[in-house]
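Have a look at this one.
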Amino acid sequence: MKRISLALLLFTASCTATDQEPSPATQDTDNDSSQPSQENGIIATNFNTPWSIAPAEDGYFITERGGQLFSVTEDGDISEQTLELSSSLYTGGEAGLLGLVMLDEEEAYVYYSYESNNGPRNRVAKIERSEQTWSETDVIIDEIPGGRIHNGGRLEIGPDEHVYITTGDAGNPDTAQNTDSLAGKILRMNIDGSIPEDNPFEESYVYTYGHRNPQGVTWTEDGTMYSTEHGQNAHDEINRIEPGQNYGWPVIQGDEENEGMETPLYHTGDDTWAPSGVDAYEGHLYIAALRGERLIEFSPETSETSVISNEYGRIRDIHFTEEFGLGITSNRDGRGNPDENDDVFFRFTP
């Protein structure tokens, strides 16, 4: 497939790694038993630091941190979309085009980093489609502190039909404890972008605070909300999320306690996962680990963990259908050791 040039409304996004042309996976499983099957294995290859998987009616949309947007079917057919944004994309460090959530087949919310007069910022914007072109039509939440590190970036629609947004502390830990700041938070908004009346802080998108760099949220079948969070020097966290609660950063981490602050449901101690996307399936959580380079299963009831896969490298996001799971890698983000066909979009079963 010939790659279409990505037209941006006021800028041309620059990639942070070598351009790759995403392509469907081709595998000869009869001659090489080490290769995963098409049922359980690589669907498409040669992405360049993908960040988010957003399910759609006919497949999935995948964002790349450098500014690209692709439509991908379950069979691996790829179509690059044109994306028009209203501000210059900032792609330094961990920033760029991050989370995406579909409202319907023609509308979506996107989370991206941009250059402002006061330095890097993040925003949640609405984009609308005309054929294969997506254009920004409205800025919903703006001036979220940003930087080279800790930009959060996950967007998910919860079972309550509200949109949840994770933000990082952007390298300034004290902002996580300030409920007037949008940094180091999980935010919650109505589908139309307005502030829910039942949010815990009056006239505020802030849902929880005291986060360092949360990059995944999900809900189990009983409606319980969980989040994954990057810790400092290990101590990565899985948190059970309750509205209005303070999750402690930067005052406490690991098993430390402080009045009015929540300790994590689980933390990794001296081990480092660098957890990013997470999804729930049949009561268990499945966590994409970047530095840990594995797909991890976690039981909220017993806190037991097991490694489902360690063959793909740095895993950025996962998504479950009713029958199987899907994942994307982030081996070309400057911190991995990419293979020739990285990054990949893959299928697995728990």
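Please treat every number below as a calculation from the coordinates, not as lab data. Bear in mind the structure is a predicted one, so any value in this text is a computation, not a measurement. Methodologically, a virtual Cβ is constructed for each residue, glycine included, from the backbone with ideal geometry; neighbour enumeration extends over all protein chains shown.
Compute a Gaussian network model of the chain, connecting alpha carbons closer than 10 Å, and tell me which residue from 172, 331, 48 fluctuates the most.
172
Let me ask something else about it. Specify the inter-centroid distance of segment 262-333 and segment 154-186, based on alpha-carbon positions, in whole Å.
The distance from the Cα centre of segment 262-333 to that of segment 154-186 comes to 20 Å.
Further, regarding this structure: Got a sec? Which residues in segment 284-303 would a label at residue 221 touch, if it sits 7 Å along Cα→Cβ and we count backbone N under 11 Å?
Correct set: 284.
Only counting other Cβ atoms within 10 Å, I'd like 270, 142 sorted with the fewest neighbours first.
If I rank by nearby Cβ atoms, fewest first, I get 270, 142.
Between residue 242 and residue 142, with labels modelled 7 Å along Cα→Cβ, what's the label distance in nm to one decimal, could you check?
3.7 nm
Based only on other Cβ atoms within 10 Å, what is the fewest-to-most ordering of 87, 135?
The fewest-first ordering by Cβ neighbours comes to 135, 87.
Between residue 73 and residue 258, what FRET efficiency follows from the Cβ-Cβ distance if R0 is 56 Å, with the result rounded to 0.05?
FRET efficiency, residue 73 to residue 258: 0.70.
Express in nm, to one decimal, how much length is gained between residue 265 and residue 160 on full extension, taking 0.36 nm for each residue of separation and deducting their alpha carbon distance.
35.6 nm
Still on this model: How charged is the neighbourhood of residue 301? Take every other residue with its Cβ under 15 Å from the Cβ of residue 301, and add Lys/Arg as +1 and Asp/Glu as -1.
After counting each charged neighbour, the total is -4.
So for segment 30-121, Kirkwood radius off the Cα pairs, Stokes-Einstein at 20 °C and 1.002 mPa s: how many µm² s⁻¹?
146 µm²/s
Determine the sum of side-chain charges near residue 169: Lys and Arg each +1, Asp and Glu each -1, restricted to other residues whose C-beta is under 13 angstrom from that of residue 169. Walk me through the numbers on the way to the answer.
Working: positive: 148, 185, 212; negative: 94, 174, 229.
So the surrounding residues net to 0.
Considering only 156, 94, 301, give the residue with the highest GNM mean-square fluctuation for the chain, with springs between Cα atoms whenever their separation is below 10 Å.
301
In terms of the ratio Rg/(2.2 N^0.38 Å) built on C-alpha atoms, what value belongs to the chain?
0.93
If the elastic network links every pair of Cα atoms under 10 Å, which of 23, 299, 330 fluctuates the most in the Gaussian network model of the chain?
Of the options given, 299 has the highest mean-square fluctuation.
Considering the Cα trace of segment 192-293, what is its radius of gyration and what is Dmax, both in angstroms?
Rg and Dmax of segment 192-293, Cα atoms, are 14.0, 42 Å.
Right, next: How do 80, 237 line up, fewest other C-beta atoms within 10 Å first?
80, 237
Compare the peptides 213-223, 143-153 by average per-residue count of other Cβ atoms within 10 angstrom and give them in order, highest first.
On the way: 213-223: 20.5, 143-153: 24.5.
Answer by packing, highest mean first, reads 143-153, 213-223.
Here is a further query. Can you list the residues, at least 5 places off or on another chain, whose amide H is less than 5 Å from the amide H of residue 292, using H built in the peptide plane?
274
Using R₀ = 45 Å, calculate the FRET efficiency as 1/(1 + (r/R₀)^6) where r is the Cβ-Cβ separation of residue 103 and residue 340; round to 0.05.
Numbers: r = 37 Å, r/R0 = 0.82.
So, using R0 = 45 Å, E works out to roughly 0.75.
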